[in-house]
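Shown next, in structure tokens, is the structure this report addresses.
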Amino acid sequence: MKGISVDRERSTARAQPGLLVGEFDRETQAFGLATTLGIISHTGIAGLTLGGGSGWLQGKHGMACDNLLSVEIVTADGRLLTASAGENEDLFWGVRGGGGNFGVVTSFEYQLHPVGPVFGGMVVYELSKAREVLRFYREFSSECPDELGTMPLFATSPVGNPVIVIFGCYSGSIEEGEQVLKPLRNFGSPFADFFGAMNYVDMQSQLDFGFPAGRLQEWKSGFLPFLSDEAIEILLEYAETRPSPMSAFVLQHLHGAACRVGPSETAFAHRSDKHDLLIVSMWTAPSDSEKNITWTREFLEALQPFLERGVYVNNLGDEGEERIRAAYAPNYERLVTLKNKYDPTNFFRVNQNIKPTV
């Protein structure tokens, strides 16, 4: 189900749920248009959007779910419904952050926006400079304009050295992007600077190399509202003690338009300025599973004093009902009411499940 049609006059796209982000972007960029959809090109658009959908454009244009105009959805009783702001409004509210709890979405209609070449890329520092880099980044990100999406990444370079990388994507003019990102690119002594003008499709695939198929993985996630000195020290400690060089963690900045939507306007409730921490532990040998899983879980536990209770549902694993409630946050009870109406038998339960109460 990879069909997509773009309405250039209305700046909208109708897309089927089998599409990957890169496939969607290539079709919309043919018309100089795009919408917020992740940061890795081989992510599926369906699960991404239904869980909220963060991405490089969220500061300027909001989350993926904020750009959803309508869906066609098959409910548990076999009905094919349209949900939009004017039809089945309660269901439309629920699919914008409530995941696959209410049916199978067979078609998504998105609002698109003019997006030409972006000024994007990364600067790379040795891990020994991470403390000063993060303290600088803390101030830099707090003042960045809506057009700029940023994300620190702790990883291993292709030659095997631990590094901190600061990614950025400026979706305004190239000239403005160069000026806005100049302080970041000039800070300290990065050993590599890969910023420049590029097409948006290429920007969307910058992180693909870090998520190849076939690896064993353990994910943990949480929202970090402030990069305090104490939190930075914990990040550095665990960056230095990774048992696998394949493991990485990122801090994606949630700000701008994505935070100017009320927590109850959509089912996605996490609408304050913060960083979304995602720890991705990766390894290949099953014999290494215990030490990598332990490192990942201890890392998240060490950061608990600095994290909000909430978590981004698209980053959540099999972590129990309390974490599911934290993902849906203050909207959980309203989502239960919706579940009672559209899926009272919990037919759709292979997900971050909202259990019906009827």
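The values are calculated or read from the model by the stated rules, or taken from the named source; none is laboratory data. Being a predicted model, the structure only gives us computed values, none of them experimental. Here the Cβ positions follow ideal geometry from the backbone for every residue, glycine too, while neighbour counts run over all protein chains shown. The accessibility values were calculated without ligands, DNA or RNA, using every heavy atom of the protein model including side chains. Shrake-Rupley method; radii C 1.70, N 1.55, O 1.52, S 1.80 Å.
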Selection count, the stretch 137-159, where residues are open to solvent by 10 Å² or more (accessible area, probe 1.4 Å) and over 17 Å from the mean Cα position of the chain (by Cα): 12
Taking LEU57, is it out of contact with any helix residue (DSSP H, G or I) (no Cβ under 8 Å at 6 or more places or on another chain), of a type in the set (A, V, I, L, M, F, W, C) and within 23 Å of GLU147 (Cβ to Cβ)? yes
Take the residues in the stretch 202-232 that are touching a residue at least 40 places away in the same chain (Cβ under 8 Å) and acidic (Asp, Glu), then tell me which one is nearest to ALA34 (Cα to Cα). ASP208
Within the stretch 97-107, is even one residue aromatic (Phe, Trp, Tyr) and open to solvent by 10 Å² or more (accessible area, probe 1.4 Å)? no
Test of understanding: among GLY214, GLY188, GLY256, which residue is over 22 Å from the mean Cα position of the chain (by Cα) and on the phi > 0 side of the Ramachandran plot? GLY188
Considering residues that are part of a loop (DSSP other than H, G, I, E, B) and of a type in the set (Lys, Arg), the number found within the stretch 4-40 is 2
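Okay, residues lined up against (1) open to solvent by 30 Å² or more (accessible area, probe 1.4 Å); (2) within 21 Å of LEU207 (Cα to Cα):
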site: GLY222; (1), (2): no, yes
site: PRO225; (1), (2): yes, no
site: GLU230; (1), (2): yes, no
site: GLU233; (1), (2): yes, no
site: GLU237; (1), (2): yes, no
site: ARG242; (1), (2): yes, yes
site: HIS253; (1), (2): no, yes
site: GLY256; (1), (2): no, no
Criterion violated by ALA46 - all others in (1) touching a Pro at 6+ places or on another chain (Cβ under 7 Å); (2) farther than 21 Å from ASN331 by Cβ; (3) surrounded by 20 or more Cβ atoms within 10 Å (Cβ to Cβ) satisfied: (2)
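Here is a yes/no grid of residues against (1) touching a His at 6+ places or on another chain (Cβ under 6 Å); (2) in contact (Cβ under 8 Å) with a residue 24 or more places away in the chain; (3) not aliphatic (A, V, I, L, M):
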position: GLN252; (1), (2), (3): no, yes, yes
position: GLY256; (1), (2), (3): no, yes, yes
position: TRP295; (1), (2), (3): no, yes, yes
position: LEU316; (1), (2), (3): no, yes, no
position: TYR332; (1), (2), (3): no, no, yes
position: VAL336; (1), (2), (3): no, no, no
position: GLN352; (1), (2), (3): no, yes, yes
position: PRO356; (1), (2), (3): no, no, yes
Out of GLY44, GLY97, GLY38, GLY59, sole residue that is modelled with pLDDT of 95 or more, on the phi > 0 side of the Ramachandran plot and within 15 Å of the chain's Cα centre (by Cα): GLY97
Among the residues of the stretch 160-182, the number that are open to solvent by 60 Å² or more (accessible area, probe 1.4 Å) and either basic (Lys, Arg) or in a helix (DSSP H, G or I) (or both) is 5
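Using the structure shown, decide if GLY53 is under 24 Å from the mean Cα position of the chain (by Cα), part of a loop (DSSP other than H, G, I, E, B) and over 30 Å from TYR238 (Cβ atoms).
Considered against the rule, which asks whether it is under 24 Å from the mean Cα position of the chain (by Cα), part of a loop (DSSP other than H, G, I, E, B) and over 30 Å from TYR238 (Cβ atoms), GLY53 comes out as no.
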Those residues of the stretch 306-358 which are more than 23 Å from the chain's Cα centre (by Cα), more than 17 Å from ASP77 (Cβ to Cβ) and open to solvent by less than 40 Å² (accessible area, probe 1.4 Å) amount to VAL336
On the basis of being outside any loop (DSSP other than H, G, I, E, B) and open to solvent by 30 Å² or more (accessible area, probe 1.4 Å), does GLU265 make the cut? no
Restricting to the stretch 268-284, count the residues that are open to solvent by 20 Å² or more (accessible area, probe 1.4 Å) and of a type in the set (Asp, Glu). 1
Single condition SER287 does not satisfy, out of (1) under 13 Å from LEU153 (Cβ atoms); (2) open to solvent by 30 Å² or more (accessible area, probe 1.4 Å); (3) of a type in the set (Gly, Ala, Ser): (1)
Residues in the stretch 295-305: is at least one out of contact with any Asp or Glu (no Cβ under 8 Å at 6 or more places or on another chain), within 18 Å of LEU50 (Cβ to Cβ), open to solvent by less than 50 Å² (accessible area, probe 1.4 Å) and part of a helix (DSSP H, G or I)? no
Filter result for THR35 (over 22 Å from VAL74 (Cβ atoms), in contact (Cβ under 8 Å) with a residue 12 or more places away in the chain and open to solvent by 30 Å² or more (accessible area, probe 1.4 Å)): no
Just to be sure I understand, how many residues within the stretch 52-67 are open to solvent by 10 Å² or more (accessible area, probe 1.4 Å) and within 12 Å of THR266 (Cα to Cα)? 1
